[in-house]
Structures are given as structure tokens and as C-alpha cells.
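A.B. asks: Mind having a look at this structure? Questions to follow.
The values are calculated or read from the model by the stated rules, or taken from the named source; none is laboratory data. For clarity, every value in this text was computed on a predicted model and none was experimentally measured. Virtual Cβ from ideal backbone geometry, glycine too; neighbours counted across all protein chains shown. All accessible areas refer to the heavy atoms of the entire protein, side chains included, with ligands and DNA or RNA removed. Shrake-Rupley method; radii C 1.70, N 1.55, O 1.52, S 1.80 Å.
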Amino acid sequence: MEAVFDVPSSILFGAGARLRLGAELRKLGVSRALLVTDQRLRDAGTIAGFEAQLKEEGIEAIIFSDVQPDPTDQNVAAGLECLRASNAEAIVAIGGGSVIDAAKIIGVAATNPQPLSAFQGYHKIPNRGLPLIAIPTTAGTGSEATKAAVITDTARLVKMMILDAKILPRIAIVDYELSLTMPAELTAHVGVDTLAHGIEAYVSKKANGMTDPLAISCIQLTSRYLLTAQKEPGNRGAREAMALAACQGGMAFSNSSVCLVHGMSRPIGAIFHLPHGLSNAVLLPAVTRFSIPGAPERYADIARHMGLGDSEALVEGLERLNAELGIPKLRDAVRTDRSTFESHLKKMADDALASGSPQNNPVVPTADEIVDLYRSAW
Ligand SMILES: [Fe+2]
């Protein structure tokens with residue numbers, strides 16, 4: 001099978017790389033840019049630093065800071081309105097995966113008249129969007145290097161998975177210094193998301209020779225450095241390693257695929273509003289146990305690269321990692337009772353299958369098996 005490998009044209013990586021934003025925009029011939037971000041980063045003063053940098057370069061910055069965690073179609077519509085009013089020539093996303101995903105879709109909403117629901121799925125976007133520079137502040141979703149975005153359709157209560165090379169950032173600026181102040185809980189959630197990207201990219205039916213080395217490096221770095229990054233927030237080596245792992249994981253899964261963990265995670269997020277990384281983390285051990293028989297050698301490779309003996313030790317290792325990171329069980333995370341949870345399971349399983357991700361899993365589950373897996377994660 002032929003594989004396609006799409007990544008940003010440039011990835012600037014390292015301490016201080018963020019200071020190159022103005023120069024990169026000038027290279028693109030941009031004199032007016034929309035900065036897409038969230039209120040937390042604006043309040044923290046991060047955005048003011050970028051504004052000052054762009055002003056020095058003679059570039060006008062217009063700020064849109066109304067992206068919420070798990071961004072919705074309404075966030076995209078508001079951002080599009082701001083973009084149109086500003087006449088910006090490019091978009092700069094500064095934030096976590098939610099901000100970068102929203103910016104990607106704002107960019108193509110500006111150049112395509114269809115409703116966002118028409119973009120759901122694989123390669124459904126007719127026209128390329130505005131040039132996008134992505135600057136992650138969390139390590140992370142890897143969204144700076146992916147052609148995927150997840151946007152909640154508020155009318156249908158579905159997290160739409162949108163995958164298309166037309167939303168790929170033109171440039172990614174990965175500066176781990178932006179992640180030094182990440183809270184411990186966020187570090188844990190997005191760190192397990194990173195690990196899930198590496199694992200799923202490696203066991204996916206669409207894994208290939210371009211994505212395998214990136215996936216393995218992502219897994220190795222995360223297993224070595226995530227706990228340190230959480231316990232010692234100012235540890236520069238650990239933060240740099242996690243930023244690298246996140247970006248590599250993004251490149252890997254974007255060109256391979258995520259699988260059952262992500263497929264089952266999105267409905268939990270859509271209905272119970274769990275952060276993306278947390279909903280992956282609570283599923284990862286059980287889904288791994290279920291999937292090992294479909295790709296025993298691949299899972300054995302993963303175990304070895306994590307310093308664990310075999311696939312059984314891998315499942316235990318993932319459970320232990322969750323415990324050490326303070327990840328709760330699903331029942332404690334969703335803040336709902338068992339019967340409410342049960343009442344949603346059928347739709348959650350159907351939505352998981354409809355997303356297409358579970359079909360790339362080493363073992364393709366039935367809807368009933370997905371319901372059972374949700375129960376075992378409870
Ligand atoms: Fe993810």
C-alpha cells in the first residue's frame with residue numbers, strides 16, 4: 001500500500017524559537033496576522049509578548065482569544081467573523097491543541113463556503129486555507145504538525161474528526177520554554193495523549209516506514225520524561241523531550257492514524273466534557289489489552305522501548321503510569337452516575353465507530369465490544 005507523508009514545510013524547534021515568529025511572517029509577506037489563542041494565555045501575558053515582537057517587525061496583530069477547551073463550531077464562527085473584520089493575511093495559533101485545531105478550521109472556513117459539518121471525515125475540504133503558523137504552548141497534542149482537527153458540532157453533540165492536508169500548518173514553531181509553566185494536571189493529561197499518539201500510530205493498520213521511527217521515538221521519550229516533567233515543572237530537559245515527543249507523535253499519527261483509543265475517547269469528551277488527554281488516559285490500558293492479539297509483535301516492540309518486559313507488562317505499566325500521574329478512573333472523572341453513563345453507551349459506541357478511527361485498530365471491535373470496553377474503563 002502506498003503511504004503519503006504530509007508535514008509542515010518548516011518546523012523551528014528549540015528554546016527561543018518563538019522569537020522567530022515575526023521573521024517567519026515577514027518571509028511569507030504578511031503585514032497583518034490574526035493571533036488565535038485562549039483567555040488563559042492572554043491573561044498570563046504570553047500574547048502580549050508576541051504582540052510586542054510583531055510590532056517591532058512592523059506587523060499588525062489582531063487577537064482572537066475566545067477559543068474554549070474542546071473547541072466548537074461556534075468558536076470557529078466567532079473566529080471567522082474576527083478574521084473577516086480584520087482582513088488578516090495569515091493566522092498564528094498560540095496555545096494547546098484546542099487553539100491550534102480551531103485556528104486550522106477558521107483558516108479553511110475563510111476559503112470554503114460549506115458548513116463545517118461538510119468537512120467531517122477524510123479529505124473533504126475543497127480549498128486550502130490561509131497560511132497558518134502554529135506555536136504549541138503545551139506538550140502536547142502535536143497538533144502543530146498534524147493535518148487533523150477535532151471540532152464539536154454543537155447541534156449533533158458530536159466531536160467531528162477532520163483530516164485533510166489542507167489544514168496542515170505551513171510552519172510549526174516548537175519552543176519548549178512556553179511549556180515550563182504548564183500546570184501538573186495538564187502536563188499529565190497531554191503527556192498521556194502524546195503516548196497514545198505514539199502507540200496508536202505504531203499499531204495502526206496504516207503504520208508505515210515513515211511513521212514508525214517517529215512513533216517509537218515518541219514512545220521512548222514519553223516513557224522516560226513524562227513523570228519528570230510533571231513532578232519537576234521547571235526541568236528544561238524533560239520539557240524539551242516532551243515537546244519533541246509531542247511533535248513527533250503528531251507527525252506519526254497524522255500520517256498513520258489514531259485507532260480505538262481516540263475513537264472511543266471523542267464521545268466521552270463530547271458528552272461528559274472530559275479533557276481530551278484525560279479521556280484517552282482512562283481508556284489506554286483497557287484498549288491496549290483488547291488490541292494486543294491483533295498485533296502482538298508491535299505491542300512487544302512498544303513494551304521493549306518502554307523498558308517493560310512483554311505485552312502483559314505493558315498493560316500493567318500503562319496502569320501504573322496513570323496511577324503515578326494521578327489520573328482518576330473514568331467513574332471519578334465523569335462526575336455522573338452509573339445509570340446515566342449506561343444510557344449513553346450505545347450512542348457513544350456508534351459515534352466511535354462512525355469516526356473511522358477504530359477501523360485502523362489491530363483488532364476492529366463491534367459496537368457491543370466497544371460498550372464492554374467503556375464499562376471496563378469505568
Ligand atoms: Fe490525541
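A.B. asks: Tell me whether region 221-313 comes out rounded, prolate or oblate; compute the Cα gyration tensor, take square roots of the eigenvalues as a ≥ b ≥ c, and use a/c under 1.5 as the rounded threshold.
C.D. replies: Working: a/c = 1.67, a/b = 1.12, b/c = 1.49.
It comes out oblate by the Cα gyration axes.
A.B. asks: Antiparallel versus total DSSP beta bridges in the chain: what percent is that, nearest 5? Mind dumping the intermediate values first?
C.D. replies: Details: 6 of 29 bridges.
That works out to approximately 20 percent antiparallel.
A.B. asks: In Å², and per residue, what accessible area does region 123-208 have when probed at 1.4 Å with the other protein chains present?
C.D. replies: Values: 2370 Å² over 86 residues.
That works out to 28 Å² per residue.
A.B. asks: Another question, if that's okay. Nearest 500 deg cm²/dmol is fine: what mean residue ellipticity at 222 nm does the chain get from its DSSP H runs of n ≥ 4 alone, each adding -39,500 (n - 2.57), divided by its residue count? Walk me through the intermediate numbers first.
C.D. replies: On the way: 15 runs with 196 residues, N = 378.
It comes out at -16500 deg cm²/dmol, rounded to the nearest 500.
A.B. asks: Quick check: the angle from helix 46-56's long axis to the longest principal axis of the chain, C-alpha only, nearest 10 degrees?
C.D. replies: 30
A.B. asks: Set Lys and Arg Cβ to +1 and Asp and Glu Cβ to -1, take the dipole of region 62-214 about its Cα centre, and tell me which of 120, 83, 133 lies farthest positive.
C.D. replies: 120
A.B. asks: Normalised by the residues of the chain, what does the relative contact order come to in percent, with Cα pairs under 8 Å and at least six apart?
C.D. replies: Details: 781 pairs, mean separation 59.0, N = 378.
Relative contact order, the chain: 16 percent.
A.B. asks: Just check region 83-142 against the gyration tensor rule for me: Cα atoms, a ≥ b ≥ c as the square roots of the eigenvalues, rounded for a/c under 1.5, and otherwise prolate or oblate depending on whether a/b exceeds b/c.
C.D. replies: On the way: a/c = 2.36, a/b = 1.27, b/c = 1.86.
Oblate is the answer for region 83-142, as a/c is 1.5 or above yet b/c matches or exceeds a/b.
A.B. asks: Right, something else. Give the angle, between 0 and 90 degrees and rounded to the nearest 10, that separates the Cα long axis of helix 338-354 from the longest principal axis of the Cα atoms of the chain.
C.D. replies: In the chain, helix 338-354 runs at an angle near 70 degrees to the longest axis.
A.B. asks: Where a ≥ b ≥ c are the square roots of the eigenvalues of the C-alpha gyration tensor, would you call region 37-110 rounded, which needs a/c under 1.5, or, failing that, prolate if a/b is larger than b/c, or oblate?
C.D. replies: On the way: a/c = 2.14, a/b = 1.25, b/c = 1.71.
It comes out oblate by the Cα gyration axes.
A.B. asks: Right, here's the next one. Among the lysines, which fall within straight-line cross-link reach of residue 231, defined as a Cα-Cα distance under 28 Å, with same-chain neighbours fewer than 8 residues apart omitted?
C.D. replies: 329
A.B. asks: Then there's this: Near residue 221, within a Cβ-to-Cβ distance under 13 Å, what is the net charge of the other residues, with Lys and Arg +1 and Asp and Glu -1?
C.D. replies: Values: positive: 224, 239; negative: 240.
With Lys, Arg at +1 and Asp, Glu at -1, the neighbours total +1.
A.B. asks: Taking the Cα centre of the chain as origin, work out the dipole magnitude from +1 charges on Lys and Arg Cβ and -1 charges on Asp and Glu Cβ, in debye rounded to 20. Can you show the working numbers first?
C.D. replies: Values: 35 positive and 41 negative charges, 81 e Å.
Charge dipole of the chain: 380 debye, to the nearest 20.
A.B. asks: Given a Förster radius of 41 Å and the C-beta distance between residue 28 and residue 368 as r, what FRET efficiency does 1/(1 + (r/R0)^6) yield to the nearest 0.05? Walk me through the numbers before you get to the answer.
C.D. replies: Details: r = 51 Å, r/R0 = 1.23.
Once the sixth-power term is evaluated, E becomes 0.20.
A.B. asks: Between beta-carbons, use under 10 Å as the cut-off and find the net charge around residue 65, counting Lys and Arg +1, Asp and Glu -1.
C.D. replies: -1
A.B. asks: Separate question: Using the heavy atoms of the protein chains alone and a 1.4 angstrom probe, what is the accessible area of region 323-378 per residue in square angstrom? Mind dumping the intermediate values first?
C.D. replies: Numbers: 2750 Å² over 56 residues.
Accessible surface, normalised per residue, equals 49 Å².
A.B. asks: Could I ask something else about it? How far is the Cα center of region 30-94 from the Cα center of region 219-269, in Å?
C.D. replies: First find each Cα centre; the distance between them is then 25 Å.
A.B. asks: Same structure again: Can you pull the percent of the chain's accessible area that's carbon plus sulfur, 1.4 Å probe, other chains left in place?
C.D. replies: Numbers: 7320 of 14440 Å².
That fraction is 51 percent.
A.B. asks: Checking the table 166/205; 159/347; 124/166; 124/147 against a 19 Å threshold on Cα-Cα, which pairs fail?
C.D. replies: Numbers: 166/205 23 Å; 159/347 13 Å; 124/166 10 Å; 124/147 12 Å.
Cα-Cα > 19 Å for 166/205; rest within.
A.B. asks: Ranked from highest to lowest mean number of other Cβ atoms within 10 Å per residue, what is the order of the peptides 261-267, 308-314?
C.D. replies: Values: 261-267: 27.7, 308-314: 16.4.
So the peptides 261-267, 308-314, ranked by packing, come out 261-267, 308-314.
A.B. asks: Helix 212-231 against the longest principal axis of the chain: what's the angle in degrees, Cα atoms only, rounded to the nearest 10?
C.D. replies: 90
A.B. asks: Next question, about the same structure. Can you tell me the dipole magnitude for region 261-378 around its Cα centre, using point charges on the Cβ only (Lys, Arg +1; Asp, Glu -1), in Debye to the nearest 20?
C.D. replies: On the way: 12 positive and 15 negative charges, 66 e Å.
Approximately 320 debye in magnitude.
A.B. asks: Okay, moving on. All other residues with a Cβ under 14 Å from the Cβ of residue 147 taken together, and with Lys, Arg as +1 and Asp, Glu as -1, what is their net charge? Write out the running numbers ahead of the final one.
C.D. replies: Working: positive: 104, 124, 128, 166, 170, 206; negative: 6, 101, 144, 164.
Summing Lys/Arg as +1 and Asp/Glu as -1 gives +2.
A.B. asks: Let me ask you something else. Please state, as a whole number in µm²/s, the translational diffusion coefficient that the Stokes-Einstein equation yields for the chain at 37 °C and 0.692 mPa s, with Rh defined as the Kirkwood radius across alpha carbon pairs. Mind showing how you got there, number by number?
C.D. replies: Values: Rh = 20.5 Å.
For the chosen part, D equals 160 µm²/s.
A.B. asks: Related question: Under a point-charge model restricted to the Cβ atoms of Lys and Arg (+1) and Asp and Glu (-1), what is the dipole moment magnitude of region 77-150 relative to its Cα centre, in debye to the nearest 20? Don't skip to the end; give the middle numbers.
C.D. replies: On the way: 5 positive and 4 negative charges, 41 e Å.
With Lys and Arg at +1 and Asp and Glu at -1, about 200 debye.
A.B. asks: Same structure, new question: Skip the ligands, DNA and RNA, and give the accessible area per residue of region 40-103 with a 1.4 Å probe, whole Å².
C.D. replies: Heavy-atom accessible area per residue stands at 44 Å².
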